[in-house]
1. Name every residue in the range A:128-183 that is basic (Lys, Arg) and touching a Lys or Arg at 6+ places or on another chain (Cβ under 8 Å), in order of residue number.
2. Tell me which residues, restricted to the range A:371-386, are part of a strand (DSSP E or B), within 11 Å of RNA strand B (Cβ to nearest atom) and not basic (Lys, Arg).
3. Can you pull out the residues in the range A:401-422 that are in contact with a Phe, Trp or Tyr (Cβ under 9 Å, 6 or more places away or on another chain) and either open to solvent by 50 Å² or more (accessible area, probe 1.4 Å) or in a loop (DSSP other than H, G, I, E, B) (or both)?
4. Filter the range A:315-363 down to the residues that are aromatic (Phe, Trp, Tyr) and either within 18 Å of the chain's Cα centre (by Cα) or at positive phi (or both), then identify the one that is most open to solvent (accessible area, probe 1.4 Å).
5. Inspect all residues belonging to the range A:78-99 and state whether any of them is away from RNA strand B (no atom under 11 Å from the Cβ), buried (at least 16 other Cβ atoms within 10 Å of the Cβ) and under 27 Å from the mean Cα position of the chain (by Cα).
6. Hey, can you tell me all the residues within the range A:185-234 that are part of a helix (DSSP H, G or I), surrounded by 17 or more Cβ atoms within 10 Å (Cβ to Cβ) and not small (Gly, Ala, Ser)?
7. Scan the range A:38-49 for residues that are more than 6 Å from RNA strand B (Cβ to nearest atom) and of a type outside the set (Lys, Arg) and jot them down.
8. Which residue pairs have Cβ atoms under 9 Å apart, sit 6 or more places apart or on different chains, and have a first residue in the range A:128-150 that is on the phi > 0 side of the Ramachandran plot and a second that is modelled with pLDDT under 90 and open to solvent by 50 Å² or more (accessible area, probe 1.4 Å)?
Amino acid sequence: MLQVKRIREDKKSIVNGLRKRNWTAQQIKVLDDILKADDERRALQKHIDDLLAENKRLSAQIGQLMAQGKRDEAEKIKSQVAAHKESLRQLEERSDEVKKHLEGLLYTVPNCPHRSVPKGKSAEDNKIFRDWTKPFPSLPPDALAHWDLAKKYNLFDFELGVKLTGAGFPVYRGKGAKLQRALIQFFLEENIKAGYEEILPPHLVNEDTARGTGQLPDKEGQMYVCERDGLYLIPTAEVPVTNLLRDAIVPERDLPIRYTAYTPCFRREAGAWGAHVRGLNRVHQFDKVEIVRIEHPERSYKALMEMVRHVQRLMTKLELPYRILLLCGGDMGFTSAKTFDFEVWSGAQQRWLEVSSVSNFETFQSYRLQLRYRDAEGKIHLAHTLNGSALALPRILAALLENNQTPEGIRLPKSLHKYTGFRMIS
RNA sequence: GGAGGAGUGGCAGAGUGGUUGAAUGCACCGGUCUUGAAAACCGGCGUACUCGCAAGGGUACCGGGGGUUCGAAUCCCUCCUCCUCCGCCA
C-alpha cells in the first residue's frame, strides 16, 4: 500500500510511475480522490479528538465535583458530555466510512515503479537485461518433453496426483523425488552460504499474515482457504517469512536481514489454465526456496542487484541456459517497484520458462506490515523489503530433464551430485 | 475436546472505577565522578494518528473486538494466546 503522505508530497512522480503501468489519465484521478478522502479523514479526526479532549476534561471535573459533594453541578456537566457523545457517535460513524473508503481506494493503487523501470504494455516490452549468448544444448532429434521423460524414467506422475487430489498435484517418485529433495537442499545450502538465515515456517497462515504481504485482499482468489479455521495455505514462503517482522522495529545495525526458506507453495491458479501449461509448467502445489531481505532504503537497489547475481550463480551452477529480463511497467506485479525475472531455456519445448522473480518492494509491503527500523538518532523509518525465488523447482526440474537428456539417460549437473548421490537418471 | 488459572511498556512486576501512558526494579541512552572502566549519583527512555513554521500541544492504545459508565488497565460479554490438570495422540 502506498502511503498517503507520499501521494500528497510527491504526486508528480507517482503519476509518472502509474503512466509507466499504462494507467490512463482517468484512472490516475483516483489519486485526487484519495487526497480528498484523506482531507476529510483528517478533518473528522481533528474534530473527534477535540471533542474527546473536551469530554475528558469535563469528566475529570465531574469527579472533583462529586468528591466535593456538588451533585447538581456534576449533573449539569454530565448532560453536556452526553450531548458531545451523540455528536461523537455520528462523527465516528462518518469517520469509519471515510477510512474504509480511503483504504479501498488505496488498495487499487499499485506500487510506483522505480525510475529505471522501462515503459511497456506487456511481456513483449520487457528488456532483456542479460541474454544467453552461448549455443543452446544440442538435443537428439527425438528429444522428449519433461512429461514424457517423467514417464520414461518414472520420475513423477500426474495421474496418481489426480487420484489423490486433483489436476496439478504431481506425485514425485524414485529418482524424481530424490532429485526434488536434492534441489531443495542445494538451493538452501547456497543461500545459507550467501548469508541468508534458514527459516522453516508454517505452511498455513492466519488472516493478519495474509494481509501483511498483500495477499488479502488483492489476491484472495489465488489462495486455498481453510475456512473452518480461518487459515490460508501459503502461496509462497514470502508470506510467512516477511511477516516474521510484522509490527517490528529493528535497530538499524541489524540491517540487512536475510532469510531463506523452503516451503511448498499452494496456488489455485484460477483461470490461469490454457496453452503452455502441460506438465510441470504450471501446477497447484510446487516447491520453492525463497530469499527475503529487509534493507535500509539507501541500499535496497544495491541489494536487489546482489540478489540477482546470487540467483545467476545458482543458474550457472546448474549449467542451465538462462536469461534475465527487466520487467516493464505493464508486466510488473502490483506490489513491486522493480522486478527482474529469470527464465530458463526448455530445450524440448523450445521456449523460455520463468523460474525466478526478484523484486524490490521498497516500502509498499513494509507500510502495511509496519516493518520499521530505528536509526542512530532514534528516529523510526519504514524499511525496504525485497524477495526472490532461489529457486522455484518445477520448471528447473523440467529444464534439467529436457536439456540434459542423452541416449544413455539424463545427465545431472556436477553441483547436484553430492545431494542426489547419483549422476545419471537412466 | 473438558476443568481451572493467567495475559500490563525491551524484560520483570505494581496497579480492581476518577489527573495512570501507567509505580518500582532491570536493561538501554546521555551526564557527573574516574587515568580508563565498574560502582554511586543526576537526567532521559513506547507506538500510531493528528494540530503547529517551530517550541510545543491533542487523541488513541495495558492480548483482539464489543459493551456498561460522566469517567475503565480496573466491571461485563466474546474471541485469541499461554500455563496447570484430565482425555486423545505422532
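The values are calculated or read from the model by the stated rules, or taken from the named source; none is laboratory data. Computed from a predicted model, the values in this text were never measured in an experiment. Every residue, glycine among them, receives a Cβ derived from its backbone with ideal geometry; neighbour counts consider all protein chains shown. Note: accessible area is taken over every heavy atom of the protein model, side chains too, but ligands, DNA and RNA are not part of it. Shrake-Rupley method; radii C 1.70, N 1.55, O 1.52, S 1.80 Å.
1. Within the range A:128-183, the first condition is being basic (Lys, Arg), and the residues that meet it are A:130, A:134, A:151-152, A:163, A:173, A:175, A:178, A:181.
Once the filter is applied, which keeps residues that are basic (Lys, Arg) and touching a Lys or Arg at 6+ places or on another chain (Cβ under 8 Å), the range A:128-183 yields only A:Arg130.
2. Of all residues in the range A:371-386, those part of a strand (DSSP E or B) come to A:372-374, A:380-382, A:384-386.
Keeping just the survivors that are within 11 Å of RNA strand B (Cβ to nearest atom) gives A:372-374, A:380-382.
A:Tyr373, A:Ile380, A:His381, A:Leu382 - these are the residues of the range A:371-386 that are part of a strand (DSSP E or B), within 11 Å of RNA strand B (Cβ to nearest atom) and not basic (Lys, Arg).
3. A:Leu412, A:Lys418
4. Out of the qualifying residues, it is A:Phe334.
5. Checked against the condition, which is being away from RNA strand B (no atom under 11 Å from the Cβ), buried (at least 16 other Cβ atoms within 10 Å of the Cβ) and under 27 Å from the mean Cα position of the chain (by Cα), the range A:78-99 yields no hits at all.
6. From the range A:185-234, those part of a helix (DSSP H, G or I) are A:185-193, A:207-212, A:220-222, A:227-229; that's our starting set.
Within this subset, residues satisfying the condition of being surrounded by 17 or more Cβ atoms within 10 Å (Cβ to Cβ) are A:186-188, A:190-191, A:209-212.
A:Phe186, A:Phe187, A:Leu188, A:Glu190, A:Asn191, A:Thr209, A:Arg211, listed by residue number.
7. Restricting attention to the range A:38-49, the residues satisfying the condition of being more than 6 Å from RNA strand B (Cβ to nearest atom) are A:38-41, A:43-44, A:47-48.
Hits for the range A:38-49 are A:Asp38, A:Asp39, A:Glu40, A:Ala43, A:Leu44, A:His47, A:Ile48.
8. Listed pairs, sorted by first residue: none to list.
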